[in-house]
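The values are calculated or read from the model by the stated rules, or taken from the named source; none is laboratory data. Source: prediction; values computed, not measured. Cβ coordinates were reconstructed from backbone atoms using ideal geometry, including for glycine residues, and neighbour counts include every protein chain displayed. The accessibility values were calculated without ligands, DNA or RNA, using every heavy atom of the protein model including side chains. Shrake-Rupley method; radii C 1.70, N 1.55, O 1.52, S 1.80 Å.
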Amino acid sequence: VGIRGIVPFDANQTARDQGVGVYIDGVYLGRQQGLNAALFDVERIEVLRGPQGTLFGRNTEGGAVSIVTKQPTGQFDGRVSASYGNYGAYDSQLHLDLPAFGSFAVKLDGVIQHQKATVYNPLPGQFGWGYYHRVGGRISGKWDPTDNFSVLLAYDQAKDENTPFFSQLIDYNPL
């Protein structure tokens, strides 16, 4: 993620701090590699340009991206999507808002994304290049005991296995 020319030098270097802070429901996401937005049922995305250190703290020299997810409503609602493609790719998502039980509402989100390797790796036991397999789930609960007070609690967990795309230097001209 880059704003106002503040772009990570190498986003694959997980030891480097990013110059644009990413927040999910107000919680700082320490590394961009964890940003699999398909897991979250996104309500809106707020982009704040310029230094945001006063509001958000460190790692916001270029700005901040705030992702706000949909909260449980207590009304039964949901959607399912699925797709598949070449290289054995498939993608499925579930977003389910359950009916309220008294003043408590629950929302479930899940995602599975997969693609076989685009280039074969001859090393035994290794995935090929361009492979990915992502699985994640999120549960959120909202308690509304009064009109003036509510508590929202969310938990998510995801696993991402992937390999980079294959690249090879074909020609080199020192002149």
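For the reader, a short list of remarks on this structure follows.
- Strands (runs of 3 or more DSSP E) contained entirely in region 77-119, each with at least 1 residues that are surrounded by 15 or more Cβ atoms within 10 Å (Cβ to Cβ) and within 17 Å of the chain's Cα centre (by Cα): 89-97, 104-115
- For beta carbons closer than 6 Å, sequence separation of 6+ or different chains, a first residue in region 150-170 that is closer than 21 Å to His114 by Cα and a second that is open to solvent by 70 Å² or more (accessible area, probe 1.4 Å) and at pLDDT below 90, the qualifying pairs are Thr163/Phe127.
- Of the residues making up region 57-76, those that are crowded, with 18+ Cβ neighbours inside 10 Å and hydroxyl-bearing (Ser, Thr, Tyr) are Thr60, Ser66, Thr69.
- Lone unmet requirement of (1) assigned to a loop (DSSP other than H, G, I, E, B); (2) within 17 Å of Asp25 (Cα to Cα) for Gln126: (2)
- Residue within region 140-160 that is assigned to a strand (DSSP E or B) and over 22 Å from Pro72 (Cβ atoms) present: yes
- Note on region 43-76: residues that are assigned to a strand (DSSP E or B), without any contact (Cβ under 8 Å) to a residue 60 or more places away in the chain and closer than 29 Å to His114 by Cβ amount to 5.
- Qualifying residues in region 123-171 (those that are hydrophobic (A, V, I, L, M, F, W, C) and farther than 30 Å from Ala105 by Cβ) - the one least open to solvent (accessible area, probe 1.4 Å): Trp129
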